[in-house]
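Asker: Dumping the structure here so I can ask a few things about it.
The values are calculated or read from the model by the stated rules, or taken from the named source; none is laboratory data. Every value quoted in this text rests on a predicted model; they were computed, and no experiment measured them. With ideal geometry, Cβ positions are generated from the backbone for all residues, glycine too; neighbour counts draw on all protein chains shown. All accessible areas refer to the heavy atoms of the entire protein, side chains included, with ligands and DNA or RNA removed. Shrake-Rupley method; radii C 1.70, N 1.55, O 1.52, S 1.80 Å.
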Amino acid sequence: MPAASGVMTQVSWPELAEIVGKEHLRAATAADAIDGVEVQMVAEPGTAEDLARALRWAHAAGLKVSPRGGGTKLGWGNPPAACHLVLSTARLNRVLEHAWADMTVIVEAGCRVADLQKTLAEHGQQLALDPLWPERATIGGILSTNDSGTLRARYGSLRDLIIGTTVALPDGALAKSGGKVVKNVAGYDLAKLFTGALGTLGVMVQAIFRLHPLPRESRGLSFSGTPESLNQLLLAIQASKLTFTGLQLRAAQGSAHLDVRFDGTAAGIQAQVKQIQQIAGLLAASDAPANAWTSHQAIWDGASPALMTKFSVLPAQFAAVCALVERVAGAQSLAWKVVAQGVGAGYARLEGNEPGLRTALLTLRDELVKMGGTLVALACPVAIKRGFDVWGPPSDAQPLMVRVKQRFDPDGTLNPGRFVGGI
Amino acid sequence: MEARILNEFRAIVGASGLITEPEQLSTYECDGLTMFRVLPLAVLLPTSTAQVQAIVRVCHREKIPFVARGSGTGLSGGALPVAKGIVISLTRMDRILEVDLPNQRVVVEPGVINLNVTARVAPDGYFYAPDPSSQVVCSIGGNVAENSGGAHCLKYGFTTTHVLGMEVVLSDGSLVHLGGRTVDRPGYDLPGVFVGSEGTLGIATKVILRIVKKPEVIQVLLAAFNSTNEAGAAVSGIIAAGMLPAAIEMMDNLAIQAAEAAVQANYPNCGGLLLVELDGPAPEVETLMEEVADVCTKCGAWEIHVAQSDAERARVWTGRKAAFAAVGRLAPAYIVQDGVIPRTALPHVMSEIVRLSSEVGLRVANVFHAGDGNLHPLVLYDSGVPGQDKLAETLANDILRLCIKAGGSITGEHGVGEEKKMFMAEMYAEPDLETMQLVRCAFDPENLSNPDKVFPRPRLCGEKPGVYEPHPLEVAGVAQRF
Ligand SMILES: Cc1cc2nc3c(=O)[nH]c(=O)nc-3n(C[C@H](O)[C@H](O)[C@H](O)COP(=O)(O)OP(=O)(O)OC[C@H]3O[C@@H](n4cnc5c(N)ncnc54)[C@H](O)[C@@H]3O)c2cc1C
């Protein structure tokens with residue numbers, strides 16, 4: 001048995017089977033491994049209480065635990081130091097309460113995003129977020145990875161949509177914060193703390209969101225040009241009185257596009273389309289291609305080995321990022337692609353050979369940090385991840401983050417090593 | 001306070017930055033909630049981050065609790081001093097440090113007045129969206145600490161949506177940067193936790209704000225109904241039609257009378273008044289305004305008026321924003337509450353408030369952020385009448401309990417502070433509060449930064465929480481942990 005699982009000899013798995021039910025505990029397979037780190041068992045508790053009990057049991061037994069939703073982004077983060085047990089939220093998949101007149105929803109963490117949206121659409125509403133792989137990704141998964149998409153231009157990211165949460169902590173406590181009203185400042189906003197925490201503080205079992213109406217009408221436009229001219233246009237649109245719900249820059253070797261989406265009434269959209277033409281001047285608009293608004297997802301497909309990064313910069317720096325990626329990729333003979341959202345976050349994909357990807361990653365990281373931005377390596381060959389913090393250099397808040405982690409998970413039970421600075 | 005410590009403080013902020021005379025200290029003994037008063041040992045007025053750090057280092061070494069203070073307009077006793085502690089007033093740190101229009105960012109010191117941010121960027125067509133009614137006086141530091149809201153937060157979001165990062169002096173005097181100019185910075189969302197933490201996690205010395213472009217057209221509609229229930233039905237109708245107005249505000253008859261007397265806003269004298277503001281592209285606002293008017297008519301509105309000019313719109317809002325202060329004309333004293341309920345619970349909660357107020361014989365004026373269910377019941381009383389202050393307090397508390405029971409919150413924007421900390425235990429269960437305290441212990445293990453606020457009981461952070469052991473009573477099935 002490998003060293004990391006030496007603890008196995010004293011583990012009494014039947015106790016866990018008792019908690020979650022025999023048929024919901026199984027031996028892990030190679031497919032359950034996280035970044036090459038083997039897992040022993042997979043448990044699928046059927047209730048939040050059972051999940052909390054299972055977590056408490058695992059913690060007391062000294063096991064390392066990785067929460068899992070749809071498993072679509074399990075490779076994000078650093079490889080775990082160890083993982084004995086995967087706690088799956090697959091059976092916590094119910095929409096508990098869609099209070100459509102109040103425009104809120106209470107949903108279990110294992111509910112798939114597309115399933116939630118289907119329920120909400122029955123009353124003409126949506127969770128105003130278009131994350132990656134909604135058919136498979138779960139609410140808990142998108143929350144823990146702070147995923148978002150093009151709607152962010154208008155509705156913000158998950159931190160702006162979540163209004164309450166219930167989490168299971170390693171000591172077995174089930175803790176709530178927030179509630180089902182959109183406005184609430186009673187106590188600390190733990191929902192935000194857990195959003196993007198990659199399951200290192202606790203396991204989200206339930207979330208409450210504020211909802212938005214589905215748009216009445218929608219129209220997308222695309223402009224082609226150089227990254228520089230499109231970046232200028234992007235800033236001009238942001239500085240205008242246009243009310244867009246999507247603003248996205250796409251670039252690859254030799255081509256660049258800017259997509260803009262308007263939602264609203266037919267008359268409102270028509271007026272805005274006219275205005276944007278005036279702003280764009282010589283750059284001519286065409287209707288946005290149908291797949292424009294899923295390009296943040298399409299960029300994940302392609303040849304391997306590949307490096308997928310997420311970068312954050314100021315909106316005025318997009319053209320510089322494109323130029324940087326092009327230069328760095330060119331130097332290593334790599335193919336490249338960028339899809340960026342107007343708020344200042346985007347994906348850059350590089351394809352080619354592993355040594356080239358490694359060199360490119362280091363240069364990109366250095367240069368973006370110099371620009372005041374950040375670069376996270378989301379997916380890449382595991383060998384590249386070794387000895388490299390995928391999250392980037394720690395900030396001066398790192399010691400504080402470590403203290404937060406130590407308070408919530410003093411024994412490092414949850415996803416050890418996967419988060420920023422080895423948290 | 002020992003002379004040697006005072007000397008040290010004086011060396012940091014200069015003689016003009018240190019207040020120790022009792023009559024001068026009394027200015028700082030309370031915030032906007034004047035029923036709680038405590039005289040601090042000293043008030044310090046630093047002018048730089050380095051000075052704040054130096055002050056806090058002394059506090060840390062000597063175990064002196066400190067309370068940050070902005071403009072002192074808080075309504076929950078958040079800036080109430082602690083006995084044997086000092087107040088650190090940030091009013092002299094009031095510079096706008098940087099305006100970056102292309103990226104829509106503004107960096108400010110915490111003492112900057114909310115409205116001054118908008119004033120600075122308005123010539124370029126921008127505004128700072130969170131607009132508390134107190135925006136002419138309250139500070140950005142206070143807004144951050146309270147996660148303040150305003151009428152327009154229905155569409156634009158609260159302070160937390162518009163704050164990207166901050167520089168913070170922690171209770172040991174160390175300096176950290178949470179978040180930053182760019183979005184989605186790796187690591188825990190500590191800016192998200194700091195906003196709304198009511199001064200308990202440290203002192204913000206710099207704040208990075210996001211500004212928003214002014215909409216093309218803004219229109220506000222006034223609709224008069226016979227009752228708040230009819231007006232409430234209209235609110236639901238507007239939301240159900242898939243509209244997201246910039247603001248939906250409601251006032252009941254007592255609040256209307258008060259506002260009229262104070263600022264002559266030209267409100268119709270009715271049982272329930274609705275203000276609905278729409279903004280966006282002109283043709284869209286026009287279409288939707290007609291729909292809003294339709295919904296209001298169907299729900300019983302007998303007078304509908306759309307403010308035509310900027311001046312008229314400003315007057316409509318002046319009435320609403322003056323409502324709190326104006327209520328002072330109706331009674332010698334009043335208590336402001338800040339409960340939140342799911343919008344659909346409005347008719348029930350309103351009729352309960354009417355029942356409760358007639359039972360005790362006190363009047364309650366109501367001003368709401370109706371779009372997001374945030375109620376501001378104003379309980380009127382006369383402190384000259386023996387026992388009436390107690391009655392008023394009980395009534396105000398009962399109203400909060402109604403909100404909790406309806407699935408809502410005890411505070412939508414004013415914060416828990418000193419005033420509502422005991423209610424935290426009614427709104428949340430013990431494990432919820434314990435979990436929040438974990439955050440506090442990570443930031444401020446010695447409980448020096450605005451101690452004894454927000455939570456019903458202080459938590460000792462010294463012990464590092466270990467493995468959970470079931471209590472023998474739990475094992476025996478006598479008691480349950482949650
Ligand atoms: C007439 C009136 C109307 C109001 N209307 C609204 C409204 O519409 N919406 C709304 O949300 N509120 C409203 N308020 C409440 C109040 O104005 C807000 O809570 C405001 O944000 C407080 O700001 P301040 O600068 O006065 O803070 P203070 O009252 O001085 O302090 C408030 C809290 O912030 C902390 N604090 C202050 N500065 C810092 C800092 N730099 N770092 C860390 N902590 C700090 C203090 O310790 C305290 O806990 C109103 C108040 C009044 C009097």
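Asker: Tell me the carbon and sulfur percent of the accessible area for the protein assembly as shown, rounded to whole percent, probe radius 1.4 Å.
Answerer: Details: 16910 of 31710 Å².
It is 53 percent, rounded to a whole number.
Asker: Probe 1.4 Å, all protein chains in place: accessible area of B:Leu402 in Å², nearest 10?
Answerer: Counting only protein heavy atoms, B:Leu402 exposes about 30 Å² to solvent.
Asker: Right, here's the next one. Select from A:Phe388, A:Phe311, A:Phe262 the residue whose mean-square fluctuation is largest in a Gaussian network model of chain A (Cα-Cα springs shorter than 10 Å).
Answerer: Fluctuation is largest for A:Phe388.
Asker: All other residues with a Cβ under 13 Å from the Cβ of B:Ser148 taken together, and with Lys, Arg as +1 and Asp, Glu as -1, what is their net charge?
Answerer: On the way: positive: A:Lys183; negative: B:Asp131, B:Glu146, B:Glu198, B:Asp338, B:Glu413.
Spelling it out: positives minus negatives among the neighbours equals -4.
Asker: How large is the Kirkwood hydrodynamic radius of the stretch B:3-89, counting all unique pairs of alpha carbons, in Å?
Answerer: Working: mean 1/r = 0.0778 Å⁻¹.
Radius from the Kirkwood sum: 12.9 Å.
Asker: Under the rule that an exposed site lies in a DSSP loop and has at most 13 other Cβ atoms within 10 Å, name the longest stretch of chain A with no GluC sites (Glu not before Pro) of that kind, not counting the sites themselves.
Answerer: Within chain A, the longest run free of exposed GluC sites (Glu not before Pro) spans A:136-423.
Asker: Follow-up question, since we're still on this one. Based on the Cβ-Cβ distance of A:Thr119 and B:Lys63, what FRET efficiency does E = 1/(1 + (r/R0)^6) give at R0 = 60 Å, to the nearest 0.05?
Answerer: Values: r = 53 Å, r/R0 = 0.89.
About 0.65, to the nearest 0.05.
Asker: Taking all pairs of different Cα atoms in the stretch A:238-279, averaging 1/r and flipping that mean, what Kirkwood radius in angstroms comes out? Present the calculation step by step, with values, prior to reporting the outcome.
Answerer: On the way: mean 1/r = 0.0876 Å⁻¹.
For the stretch A:238-279, the Kirkwood estimate is 11.4 Å.
Asker: In whole angstrom, note down how far apart the Cα centers of the stretch B:40-78 and the stretch A:305-341 are.
Answerer: A separation of 45 Å, based on Cα centres.
Asker: With a/c under 1.5 counting as rounded, go ahead and sort chain A into rounded, prolate or oblate using the C-alpha gyration tensor (a ≥ b ≥ c being the square roots of the eigenvalues; past the cut-off, prolate if a/b is larger than b/c, else oblate). Could the numbers behind the result be given before it?
Answerer: On the way: a/c = 2.18, a/b = 1.38, b/c = 1.58.
Because a/c hits 1.5 or more and a/b fails to exceed b/c, chain A counts as oblate.
Asker: Between A:Ala81 and A:Leu362, what's the calculated FRET efficiency when r is the beta-carbon distance and R0 is 22 Å? Round to 0.05.
Answerer: Working: r = 23 Å, r/R0 = 1.05.
Calculated value: 0.40.
Asker: Moving on. Assuming a ≥ b ≥ c are the square roots of the Cα gyration tensor eigenvalues, decide whether the stretch A:299-385 counts as rounded (a/c under 1.5), prolate (otherwise, with a/b larger than b/c) or oblate. Show your work: numbers first, answer last.
Answerer: Values: a/c = 1.66, a/b = 1.53, b/c = 1.09.
In terms of gyration-tensor shape, prolate.
Asker: Any idea what the relative contact order of chain A is, in percent, if you count C-alpha pairs under 8 Å spaced at least 6 apart? Numbers along the way, then the final one.
Answerer: Numbers: 901 pairs, mean separation 66.2, N = 423.
Reported as a whole number, the value is 16 percent.
Asker: Roughly what % of DSSP beta bridges within chain B run antiparallel, to the nearest 5?
Answerer: Values: 57 of 65 bridges.
Rounded to the nearest five, the antiparallel share is 90 percent.
Asker: Along Cα→Cβ, 7 Å out, is where each label goes; now give me the distance between the ones at B:Ala15 and B:Arg363 in nm to one decimal.
Answerer: Modelled inter-label distance: 5.2 nm.
Asker: Report the FRET efficiency, 1/(1 + (r/R0)^6), for A:Lys22 and B:Glu430, where r is their Cβ-Cβ distance and R0 is 30 Å, rounded to 0.05.
Answerer: Details: r = 33 Å, r/R0 = 1.09.
Once rounded, the FRET efficiency stands at 0.35.
Asker: How large are Rg and Dmax for the stretch B:217-405 when only the alpha carbon atoms are used, in Å?
Answerer: When restricted to the Cα atoms of the stretch B:217-405, Rg and Dmax are 16.5, 58 Å.
Asker: So, one more: Per residue of B:399-411, how many C-beta atoms from partner chains lie within 10 Å of its own C-beta, taken as a mean?
Answerer: Values: counts 0, 0, 0, 0, 1, 2, 0, 2, 7, 6, 12, 4, 5.
Partner Cβ neighbours, averaged per residue: 3.
Asker: Count, for each residue of B:276-287, the Cβ atoms from other chains sitting within 10 Å of its Cβ, then give me the mean as a whole number. Numbers along the way, then the final one.
Answerer: Numbers: counts 0, 0, 0, 2, 8, 13, 4, 9, 12, 2, 3, 5.
Other-chain Cβ atoms within 10 Å of each residue's Cβ, averaged: 5.
Asker: Relative contact order for the stretch B:217-405: what is it in percent, counting Cα pairs under 8 Å that are at least 6 residues apart? It would help to have the intermediate numbers written out before the result.
Answerer: Working: 349 pairs, mean separation 51.1, N = 189.
27 percent.
Asker: Over chain B, what is the relative contact order in whole percent, taking alpha-carbon pairs under 8 Å and six or more residues apart? Mind dumping the intermediate values first?
Answerer: Details: 1005 pairs, mean separation 66.2, N = 482.
The normalised contact order for chain B reaches 14 percent.
Asker: Additional query: Short version: which residues of the stretch A:239-253 lose at least 20 Å² of accessible area, all chains versus chain alone, 1.4 Å probe?
Answerer: For the stretch A:239-253, once contacts with the other chains are taken into account, A:Ala239, A:Lys241, A:Thr243 lose 20 Å² or more.
Asker: Just to be sure I understand the interface: list residues from the stretch B:95-111 that lose 50 Å² or more of accessible area between the chain on its own and the complete protein assembly, 1.4 Å probe.
Answerer: B:Asn103
Asker: Could you do me a favour and compute the accessible area per residue for chain A, 1.4 Å probe, result in Å²?
Answerer: Values: 14550 Å² over 423 residues.
Accessible surface, normalised per residue, equals 34 Å².
Asker: What spacing in nm lies between the two simple spin-label points modelled at B:Arg459 and B:Glu303, each 7 Å away from Cα in the Cβ direction?
Answerer: 5.3
Asker: Give me the summed buried accessible area for the B-A pair, 1.4 Å probe, to the nearest 100 Å². Mind dumping the intermediate values first?
Answerer: Values: alone 20710 and 18270 Å², together 31710 Å².
Buried: approximately 7300 Å² between A and B.
Asker: Long-range amide H contacts for A:Leu151: which residues qualify at under 5 Å (H placed 1.01 Å from N, peptide plane, sequence gap of 5 or more or a different chain)?
Answerer: A:Asp130
Asker: How much accessible area does A:His296 have with a 1.4 Å probe, in Å² rounded to the nearest 10?
Answerer: Approximately 10 Å² of A:His296 is accessible to the 1.4 Å probe.
Asker: What is the projected area of the convex hull of the Cα atoms of the stretch A:194-340, averaged over all directions, in nm²? Before the final figure, lay out the partial values.
Answerer: Details: hull surface 46.0 nm².
For the stretch A:194-340, the mean projected area of the Cα convex hull comes to 11.5 nm².
Asker: Another question about this same structure. For chain B, what is the accessible area per residue in Å², given a 1.4 Å probe and the full set of protein chains?
Answerer: Working: 17160 Å² over 482 residues.
So chain B comes to 36 Å² accessible per residue, rounded to a whole number.
Asker: For the stretch B:96-213, report the translational diffusion coefficient in µm²/s to the nearest whole number, using Stokes-Einstein at 20 °C, 1.002 mPa s, and a Kirkwood Rh over Cα pairs. All intermediate terms of the calculation are to be shown ahead of the outcome.
Answerer: Working: Rh = 14.0 Å.
My calculation gives 153 µm²/s for D.
Asker: What does the helix-only formula give at 222 nm for chain B: each DSSP H stretch with n ≥ 4 adding -39500 (n - 2.57), the total divided by the residues, and the result rounded to the nearest 500 deg cm²/dmol?
Answerer: Numbers: 18 runs with 173 residues, N = 482.
Only helices count here, giving -10500 deg cm²/dmol.
Asker: Next up: Kindly identify the protein assembly as shown as rounded, prolate or oblate by the Cα gyration tensor criterion: order the square roots of the eigenvalues as a ≥ b ≥ c, call it rounded if a/c is under 1.5, otherwise compare a/b with b/c, prolate if a/b is larger, else oblate.
Answerer: On the way: a/c = 1.43, a/b = 1.18, b/c = 1.21.
Rounded.
Asker: Something else now. Can you give the net charge of the other residues whose Cβ lies under 14 Å from the Cβ of B:Cys30, counting K and R as +1 and D and E as -1?
Answerer: Numbers: positive: B:Arg37, B:Arg69, B:Lys453; negative: B:Glu29, B:Asp31, B:Glu418, B:Glu419.
That sum, taken over residues with Cβ under 14 Å, equals -1.
Asker: Across 10 Å bins from the origin, how do the percents of Cα pairs in the stretch A:65-173 run, short distances first?
Answerer: 13, 45, 32, 9, 1
Asker: Which values, in whole Å and largest first, are the semi-axes of the equivalent ellipsoid of the stretch A:145-254 obtained as the square root of 5 times each eigenvalue of the Cα gyration tensor? It would help to have the intermediate numbers written out before the result.
Answerer: Details: eigenvalues 263, 60, 26 Å².
The three semi-axes for the stretch A:145-254 are 36, 17, 11 Å.
Asker: Okay, next question. Output wanted: per-residue J couplings in Hz (rounded whole) for the stretch B:223-239, from phi through Karplus 6.51 cos²θ - 1.76 cosθ + 1.60, θ = phi - 60°, x for Gly and Pro.
Answerer: Each residue's phi maps through the Karplus curve to give 10, 9, 10, 6, 8, 5, 5, 5, 4, x, 4, 5, 4, 4, x, 5, 5 Hz.
Asker: Also: What nm distance separates the two modelled labels at A:Glu135 and A:Ala266, each placed 7 Å from Cα along Cα→Cβ?
Answerer: 3.3
Asker: So, one more: Ordered by residue, what ³J(HN,Hα) values in Hz, to whole numbers, does the stretch A:105-120 give under the Karplus form 6.51 cos²θ - 1.76 cosθ + 1.60, where θ = phi - 60° and Gly and Pro are x?
Answerer: 9, 10, 9, 7, 5, x, 5, 6, 4, 5, 5, 4, 4, 4, 4, 5
Asker: In terms of modelled amide H atoms, which long-range or inter-chain residues lie less than 5 Å from the amide H of B:Lys206?
Answerer: Here the answer is B:Glu167, since their amide H atoms fall under 5 Å of that of B:Lys206.
Asker: So what J values fall out for the stretch A:255-261 if you push phi through Karplus, 6.51 cos²θ - 1.76 cosθ + 1.60 with θ = phi - 60°, rounded to Hz, Gly and Pro as x?
Answerer: Running phi through 6.51 cos²θ - 1.76 cosθ + 1.60 with θ = phi - 60° gives 8, 8, 9, 10, 10, 10, 10 Hz.
Asker: What is the percent of Cα-Cα separations in the stretch A:20-86 that go past 20 Å?
Answerer: On the way: 540 of 2211 pairs.
So the pairs more than 20 Å apart make up 24 percent of the total in the stretch A:20-86.
Asker: Using only Cα atoms, locate the centre of the stretch A:94-118 and the centre of the stretch A:261-279, then give the distance between them in Å, rounded to an integer.
Answerer: Centre-to-centre distance over Cα atoms comes out at 32 Å.
Asker: To one decimal place, what orientation-averaged projected area in nm² is obtained for the convex hull of the Cα set of chain B? If you can, show how the numbers build up before the last one.
Answerer: Details: hull surface 102.4 nm².
Quarter of the Cα hull surface area: 25.6 nm².
Asker: Please work out the C-alpha center-to-center distance from the stretch B:235-310 to the stretch B:170-225 and express it in whole Å.
Answerer: Comparing the Cα centres of the stretch B:235-310 and the stretch B:170-225, I get a distance of 29 Å.
Asker: If you take each beta carbon of peptide A:100-106 and count the beta carbons of other chains within 10 angstrom, what is the mean? Numbers along the way, then the final one.
Answerer: Values: counts 3, 6, 10, 7, 3, 0, 0.
Whole-number average of other-chain Cβ neighbours for A:100-106 is 4.
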